Every structure is written in C-alpha cells, then in structure tokens.
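A quick write-up on the structure given underneath.
The numbers here are math on the coordinates, done by the rules we state, and not lab data. Keep in mind that what you see is a predicted model, and the values were worked out from it rather than measured. Every residue, glycine as well, gets a Cβ built from its backbone with ideal geometry; the counts of neighbours run over all protein chains shown.
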C-alpha cells in the first residue's frame, strides 16, 4: 500500500493545493470619506491558509493601507475578531477553506463598537464595562501565609469562564448591544461569572449588585449569538443564566 | 498655565469619551423578570381553563351567548378568574412590549413616546375591563326573557 503511493505520486507528497479567493473587505477611512465601502481583493491562497493570512497578503503585497489588528496570530491574544461572512470569528482561527472560498468572503469590523479605520474598532466601551465588574480577586481578612487552597471541584465550577480572551466577539454579536451600547455585554458578565463562582473570592455580592442593573444581566434575551460567536467555545449564555440565578436566589 | 489648559481642551479626544450614563441598579428588572415567568405559568392555567370551559364543556362553542356570559359573571369565582386573567395578561404583555421598546428604540424621545402610548393602552383596557367585570348587569330590565340567563326570571 505504501509502495504504491510512493510509486504513483512521489513528487506531490506534502504539496498543498492552492486556489484563488476573493476577499470583500469593508473599508473605512474617516480622512477620505464618512461612508464605508466594500472593496474586493483577489489573492492566491493555500488550503492551509487562514483569513488572517489572506489579509496579510493584501496588506503586504497589494494595499498597505488596509488596517486591522492582530498580535499573536494564533487565537490566544484576541486581537483580530472580525465579522467573516456575517459571523464573528477570529481571523487567525478561521481557515479560508471552511468559509466557502468559491464565493467572495466578506470581512467586516465587529458590530456595535465605533469603527476607527477599516477593521479596527474602538474597544474602549467594551473594556470600560469589563473594568466595571472588577475583574480581580477580592478578599477580606489577613493574607494567608500559604496559597489559597481550592479543591478541583471548586475550580471546575468556573472553569469555562476562565477561558475568555476578551476578543469582544460575543459582545459585538449581541443584538441588544448593537442598539444599546450601555448594555454591559456578554463578555463583562462572563468575566464577572469567573469571580462570582470562585470559592476564594469574596466580592461576589458586590459584582451581583453591579450587574443587577437595568443595563446588566436582565437585558439578556438568550438569543445564544454570544455562545455561537465565542472562539474559545465558552457557553456564554449559560454563564449569564447562572449569574441571573445567583441574583434570584440572593433576592428571595 | 491657563493657556495650556485651553490648548488641551481644543484637541479632540482620540478615543470615544465612553461613560455609563448613570447606574440604574435596583431590583426592578429582577422582579419584572421573575414576574414574567410566574405570571406566564399562572396564565397557562387560566387561559386554557377559560378556553376549556367556554369551548369544550357541554354544548361547547354553541352555548356562548349573552345568557352564558351573564351567567358566568354572576358567579364570584368566574369574576375573580377573569379579573386575574385580565390583569396578569395585561401586565405580562405590557411588560413584554416594554422590553421590546427598550431593545429597539434607540432615541430617548421615540422610546418615551412609545412607552407613553403603551401605558395609555394598558390603562384604558385594564380600567374598562375591570369596570365591566364588576358592573356587568346580567339581567337588564327591558330585555326579552329568552335571551337572559335562567336565574333572571326566578
């Protein structure tokens, strides 16, 4: 079996098929026009290329003015969340072959946040909400001389929400956030969940109080857009519902 | 120093000056969320009970006439049933539409007008409905006897 393979195609071993793909990018430059426009770029891509690789090819070889954020390029830093074919994804985790390269692939900035240029949005409203839920350990009393012990079961309670990379894919996929920028948004609630259900943390009731706002968890309509958008596979809507439940058990 | 301050003020902020308009904490949204669930469950019983009694029991839908309604509203049990159904359904529905207005109306003025109209509609229906349930006269004086409930002639 191996011998036949070697005999028939010795030269093509390890070769990756390449194809041309059209990227339809939403361009915006406030110094030129107040209106944003679509621009098509056709690039040669390999079967293993991601959308980010195609964006790089455009920026490096075709149009250096194309602006987008990216840092680690490996799905960890959360810089390059964009709307690809109408869905929020990380450009560095989305393979071109998975988003139907036969048709033009649309690439837009994430919705609900002010666009600065091309695919770059102002993340400040997003991070302001994140800061408001106090994403740090709150304790009382003396510092222990050893580590703060936590059982594996207690750790597992909030394991899912520790995975957040703050890419804003969930918050900017939320239809409530699109029309109401004052809404805390899924990401802030997920990061509050991470501390509310941490057995070592004692600021739970403060965080619940902050999120028991008109613009807090009660604006969630459980449309599951955030769960679908999360590139880390966090069950965002479930986390929001757990925060709601904690509030109700606290109130009654 | 004063010149420096004015110079700084002239430079536009590079970031959007994001600020929460005001904190709107409180248990109002929590209670309204719980109310929606609780009233929904109660309404299921009330509405399907109502439909069953009106459309299925006895002659079913053919039994409904002035006498049938008059008979029901002479019974305190059905008065309370219908009153509860009216109030719960109206508050449940109004609260639902309120959240929809909050979700879709972006401008404060639009939201205010829509909520005002909603409150007006709510008040008219609830006041009128409550009035009818309690002041309904099952036996009007000059009506033909065959249209009235059996207890009128007694």
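Odds and ends about this structure:
- Springs between Cα atoms under 10 Å define the GNM used for chain A, and in it the highest mean-square fluctuation of A:25, A:190, A:99 occurs at A:99.
- Highest-fluctuation residue, A:111, A:238, A:146 considered, GNM on chain A with Cα pairs under 10 Å: A:146
- Value of relative contact order over segment A:10-101, rounded to a whole percent, pairs C-alpha under 8 Å and six or more apart: 25
- Neighbouring Cβ atoms from other chains, within 10 Å of the Cβ of residues in A:214-227, number 3 on average.
- Rounded to the nearest 10 degrees, the angle from helix B:28-55 to the longest Cα principal axis of chain B is 20 degrees.
- Segment B:29-70-segment A:100-172 distance, computed between alpha-carbon centres (Å): 46
- When the helices of the protein assembly as shown are scored as -39500 (n - 2.57) per DSSP H run of n ≥ 4 and the total is divided over every residue, the value at 222 nm lands at -14000 deg cm²/dmol.
- Between A:89, A:148, A:24, the GNM of chain A built on Cα springs shorter than 10 angstrom shows A:148 fluctuating the most.
- Fewest-first ranking of B:66, A:252, using other Cβ atoms within 10 Å as the exposure measure: A:252, B:66
- When you restrict to C-alpha pairs under 8 Å that are six or more residues apart and normalise by the size of segment B:28-153, the relative contact order lands at 33 percent.
- Two-site FRET efficiency, residue B:119 against residue B:83, from Cβ-Cβ distance with R₀ of 30 Å, rounded to 0.05: 0.90
- Kirkwood-based shape ratio for chain B, expressed as Rg/Rh from alpha carbons: 1.29
- For chain A, the relative contact order comes to 17 percent (Cα pairs under 8 Å, sequence separation of at least 6).
- Per-q log10 I(q)/I(0), the protein assembly as shown, q = 0.09 Å⁻¹ (Debye; single scatterer per alpha-carbon; no solvent): -0.78
- Cα-Cα separations in segment A:18-121 greater than 24 Å, expressed as whole percent: 15
- Pairwise Cα distances in segment A:80-121 exceed 16 Å for 32 percent of all pairs.
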